[in-house]
Amino acid sequence: MLRVFKSISAAFAFIALLLVLGIVLPRAGVSDHGAASSAPHQILLLSNPIHTDIALPLDDEVQAAFADLIPSGLPIGMPGADYLVIGWGGRSFYIETPTWGDLKPLPVLRALTLDRSVLHVEVTGAIDRDHPAVRVLTLSEEGRRRMIAAIRDSFQREDGVPLVVEGAAYGADDVFFEARGRFNAFVGCNTWTAAMLREAGLTTGWWTPLPQLLDWSLGRISSSVPSHS
């Protein structure tokens, strides 16, 4: 029993070390070196206790970039549509758990092991930038274009058309799409978000599997001027 206890303790200590290093070790984003200077753009990082989303202001460029999502029923370009909110995650847990009251054992098990991935895309109105779960991030124009390209590349497509997960939406203003990549507890929704931010030129922690770790790493080591509004 003592050996088992020591092994478990060592495993937890190793994971704790990885989490600490994941915050303090910088993982630099794609450089804008050589790109012409341009006006900055702001996006929002939205967090809850286990998940992060990226909110892109629905300006003309974003509307054009994601126009191929409109046939799915997303009200992009409609009056009152201010943000396109995008997140990546495990298919079973993401689709079957719209609220904590919907939590079930099998989706949790799949989230902790291996699952197919989906993208959840939602159109929303105004977002309170002063909310503690919202972080305002500043990107260059070229960085935002790289991020948009990376997000678009995360969709599974057939003949160039994003594949909709039929009947899986939470409401009238959101749609689930099939995504590229496999989801697991080590490479999950928040590591995908961090990868998208690095494409935009931001520096994150090396491994940020939880929203809090990503937020802390942005606050501590990012050189890209992320700040709370």
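What to note about this one:
- Residue within segment 109-119 that is at pLDDT below 95, closer than 17 Å to Ile86 by Cα, out of contact with any strand residue (DSSP E or B) (no Cβ under 7 Å at 6 or more places or on another chain) and of a type in the set (Ser, Thr, Tyr) present: no
- Scanning segment 66-89 for residues that are surrounded by fewer than 18 Cβ atoms within 10 Å (Cβ to Cβ) and either touching a Cys at 6+ places or on another chain (Cβ under 8 Å) or in a helix (DSSP H, G or I) (or both) yields Ala67, Asp68, Ile70, Pro71.
- For segment 181-202, filtering for residues that are outside any loop (DSSP other than H, G, I, E, B), more than 14 Å from Arg152 (Cα to Cα) and among the small types (Gly, Ala, Ser) leaves 1.
- None of His33, His51 is at pLDDT below 95 and surrounded by 10 or more Cβ atoms within 10 Å (Cβ to Cβ) except His51.
- Of all the numbered requirements in (1) farther than 26 Å from Pro75 by Cβ; (2) buried (at least 20 other Cβ atoms within 10 Å of the Cβ); (3) modelled with pLDDT under 95, Ala194 misses one, and that requirement is (3).
- Here Arg144, Arg116, Arg135 are screened, and the one residue that is of a type in the set (Lys, Arg), over 17 Å from Asp53 (Cα atoms) and touching a residue at least 12 places away in the same chain (Cβ under 8 Å) is Arg116.
- Residue in segment 152-168 that is part of a helix (DSSP H, G or I) and under 18 Å from Asp53 (Cβ atoms) present: yes
- Test: Trp216 is surrounded by 14 or more Cβ atoms within 10 Å (Cβ to Cβ), part of a helix (DSSP H, G or I) and of a type in the set (Phe, Trp, Tyr): yes
The values are calculated or read from the model by the stated rules, or taken from the named source; none is laboratory data. Small disclaimer: the values here were computed from a predicted structure and weren't measured. With ideal geometry, Cβ positions are generated from the backbone for all residues, glycine too; neighbour counts draw on all protein chains shown.
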